[in-house]
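I have placed the structure first, in the form of structure tokens, so that the comments after it can refer back to it.
The values are calculated or read from the model by the stated rules, or taken from the named source; none is laboratory data. Note that the structure is predicted; figures quoted are calculated from it, not measured. A quick note on method: Cβ atoms are made from the backbone with ideal geometry, for glycine too, and the neighbour counts reach across all protein chains shown. Heavy atoms of the whole protein, side chains included, go into the accessibility calculation; ligands, DNA and RNA do not. Shrake-Rupley method; radii C 1.70, N 1.55, O 1.52, S 1.80 Å.
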Amino acid sequence: MLDIHNPTRRIFLSSAGFAMAAAAMPNLAFAADTSIRPFRIDIPQSALDDLSSRLAHTRWPDPEIVGDDSQGVRLEHIKKLVEHWRTNYDWRRVEERLNGYPQFLTTIDGVDIHFLHIRSKHPSARPLLLTHGWPGSIIEMLKVIEPLTDPTAHGGSEDDAFHLVLPSLPGYGFSGKPRQTGWDRHRVARAWDTLMHRLGYDRYLAQGGDWGAVVTQAMGELAPQGLEGIHINMPAVIPRELPKTLSADEQAAIDALKTFFTAGSGYAHIQGTRPQTIGYALADSPVGQAAWIYEKFAQWSDSGGKPETVLSYDEMLDDIMFYWLTNSATSSARFYWENADLAFYAVDISIPVGVSVFPKEIYKAPKSWAEKTYHDLRYFNETERGGHFAAFEQPEIFTREVRAAFRAMPFSN
């Protein structure tokens, strides 16, 4: 009863099937390309000048006719964000920061995957794959890179060290845009496993929120050899058949989900059914793109509807720019279309799992349901602060949670 859409069929080509198809078509150069190529972000000044011109010539809509955000992002709020964007924002600042990390491209199933790969100085560090969601990007993770790779400088021990791999989802950011259907959560899960093994990691861990949690759970379902455990901060654990009697936590989760699906999921229905149509508006208007994303920062962060209290304008715009500069509003929205059968229903996972529940998440997953879904639940904790964008909003708490969850999953010998 909680589905946004009716389940729909999607064309899916397994890794093995894709390899067979590629072998039958030797003119496809990507079939044998397993190289890892250095990458550097270098946005042409002409693209920034074009953005500046578009912002200066924005045609604004009428203001809302209510005294709250029940009709959408309030005009006065988005105008303040855009004024900062137009007059004070500096893309080159974040571009320089990102270029300070090792960045790469590699081709998997014909799609270029962009990723950061930051190795810890600690020899005992474990490989950890971090996956972002929508409307996020690898920008969400920048505040936790140093604490996770260099824990001794940030309140942890050598045992808390990780080698980090931060990929951009296909169709997002500087990753390639799939030109064929079939790139759903399971295909991305397989691609991520290919990526980790291609980097030389025979054993690794995975973490994610939002779509990152969905992909990470799909990895847990598939349980590829070498995946030692996962940590998620937006778990899907709703039973397909609800018991007749619900605890207070379970009833609160159901109530939150009903509110979300009836009043807060319009964006998902549009992106899941008409990604191409919404793409025309978002690709042409930077203000439209900004408002589409800002609304989610306002609704889903632990900020009382005022995201500026937990994220600066620059931070929000860094993320928005990942969509604008790469013209990826449409291609990122297609991930909803590819996963139109998805809800928050539980899936059985047998590998070790850690769960962190942030209080202002779309819904608070009850531990009772997590225990039934994850058959090797090693860690479960409800945090004191934070919302949907956990690493972005509360990097210290997020770091603490990741460390605690994976301490409970030591690598097997």
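Assess whether L199 counts as being touching a residue at least 12 places away in the same chain (Cβ under 8 Å), within 18 Å of L342 (Cβ to Cβ) and open to solvent by 30 Å² or more (accessible area, probe 1.4 Å).
No.
If you take the residues in region 165-178 that are hydrophobic (A, V, I, L, M, F, W, C) and either touching a Pro at 6+ places or on another chain (Cβ under 8 Å) or buried (at least 23 other Cβ atoms within 10 Å of the Cβ) (or both), which one is nearest to D210 (Cα to Cα)?
Looking at the filtered set, the residue picked out is L169.
Among the residues of region 186-211, how many are more than 15 Å from I113 (Cα to Cα) and of a type outside the set (D, E)?
The qualifying residues number 11.
State which residue is farthest from L311 (Cα to Cα) when the search covers only region 360-401 and only residues that are among the acidic types (D, E) and either in contact (Cβ under 8 Å) with a residue 40 or more places away in the chain or assigned to a helix (DSSP H, G or I) (or both).
Only one residue tops the list, namely E371.
Tell me yes or no: at least one residue of region 219-226 is open to solvent by less than 30 Å² (accessible area, probe 1.4 Å), at pLDDT 95 or above and in contact with a Lys or Arg (Cβ under 7 Å, 6 or more places away or on another chain).
Checked region 219-226: at least one residue is open to solvent by less than 30 Å² (accessible area, probe 1.4 Å), at pLDDT 95 or above and in contact with a Lys or Arg (Cβ under 7 Å, 6 or more places away or on another chain).
Under 6 Å between Cβ atoms, which residue pairs at least 6 apart in sequence (or on different chains) link something in region 47-63 that is within 20 Å of V73 (Cβ to Cβ) with a partner that is of a type in the set (D, E, K, R)?
Correct list of pairs: L55/R86.
Can you tell which of T194, T216, T181, T245 is of a type outside the set (G, A, S) and open to solvent by less than 10 Å² (accessible area, probe 1.4 Å)?
T216
List the pairs whose first member sits in region 269-297 and is farther than 11 Å from N327 by Cα, whose second member is of a type in the set (D, E) and surrounded by 17 or more Cβ atoms within 10 Å (Cβ to Cβ), and whose Cβ atoms are under 8 Å apart, counting only residues at least 6 apart or on separate chains?
I293/D319
If you take the residues in region 133-164 that are of a type in the set (D, E, K, R) and closer than 24 Å to R203 by Cα, which one is most open to solvent (accessible area, probe 1.4 Å)?
That would be D159.
For H77, state whether it is in contact with a helix residue (DSSP H, G or I) (Cβ under 7 Å, 6 or more places away or on another chain) and either at pLDDT below 95 or not small (G, A, S) (or both).
No; evaluated as a whole, the condition is false for this residue.
Given the criterion among the β-branched types (V, I, T), open to solvent by less than 10 Å² (accessible area, probe 1.4 Å) and either out of contact with any strand residue (DSSP E or B) (no Cβ under 9 Å at 6 or more places or on another chain) or not in a loop (DSSP other than H, G, I, E, B) (or both), identify the matching residue among V82, V66, V73.
V82
Here are the criteria: (1) over 19 Å from A291 (Cβ atoms); (2) small (G, A, S); (3) surrounded by fewer than 22 Cβ atoms within 10 Å (Cβ to Cβ). Tell me which single one S312 does not satisfy.
Every listed condition holds for S312 apart from (1).
If I filter region 352-365 for residues that are at pLDDT 95 or above, touching a strand residue (DSSP E or B) at 6+ places or on another chain (Cβ under 6 Å) and polar (S, T, N, Q), do I get at least one hit?
Scanning region 352-365 turns up at least one residue that is at pLDDT 95 or above, touching a strand residue (DSSP E or B) at 6+ places or on another chain (Cβ under 6 Å) and polar (S, T, N, Q).
Of all residues being over 24 Å from G176 (Cβ atoms) and not in a helix (DSSP H, G or I) in region 35-62, which is least open to solvent (accessible area, probe 1.4 Å)? Just the residue, please.
The qualifying residue least open to solvent (accessible area, probe 1.4 Å) is T58.
What about S265, is it of a type in the set (S, T, N, Q), touching a His at 6+ places or on another chain (Cβ under 9 Å) and open to solvent by less than 20 Å² (accessible area, probe 1.4 Å)?
no
Output the qualifying pairs, or none if there are none: Cβ atoms under 6 angstrom, residues six or more apart or on different chains, first residue in region 134-146 and in contact (Cβ under 8 Å) with a residue 12 or more places away in the chain and within 26 Å of F335 (Cα to Cα), second residue surrounded by 22 or more Cβ atoms within 10 Å (Cβ to Cβ) and of a type in the set (D, E).
S137/D319; I139/D318; I139/D319
Mind listing just one residue for me: the one in region 336-359 that is in a loop (DSSP other than H, G, I, E, B) and polar (S, T, N, Q) and, of those, surrounded by the most Cβ atoms within 10 Å (Cβ to Cβ)?
The selected residue is N339.
Can you tell me which residue in region 239-268 is farthest from K79 (Cα to Cα), limited to those that are among the charged types (D, E, K, R) and touching a residue at least 12 places away in the same chain (Cβ under 8 Å)?
If we take residues in region 239-268 being among the charged types (D, E, K, R) and touching a residue at least 12 places away in the same chain (Cβ under 8 Å), then R240 is farthest from K79 (Cα to Cα).
Could you identify the single residue in L105, L129 that is open to solvent by less than 20 Å² (accessible area, probe 1.4 Å), within 25 Å of the chain's Cα centre (by Cα) and among the aliphatic types (A, V, I, L, M)?
L129
From N339, N327, grab the single residue that is closer than 20 Å to Q271 by Cβ, under 16 Å from the mean Cα position of the chain (by Cα) and at pLDDT 95 or above.
Sole residue among the options that is closer than 20 Å to Q271 by Cβ, under 16 Å from the mean Cα position of the chain (by Cα) and at pLDDT 95 or above: N339.
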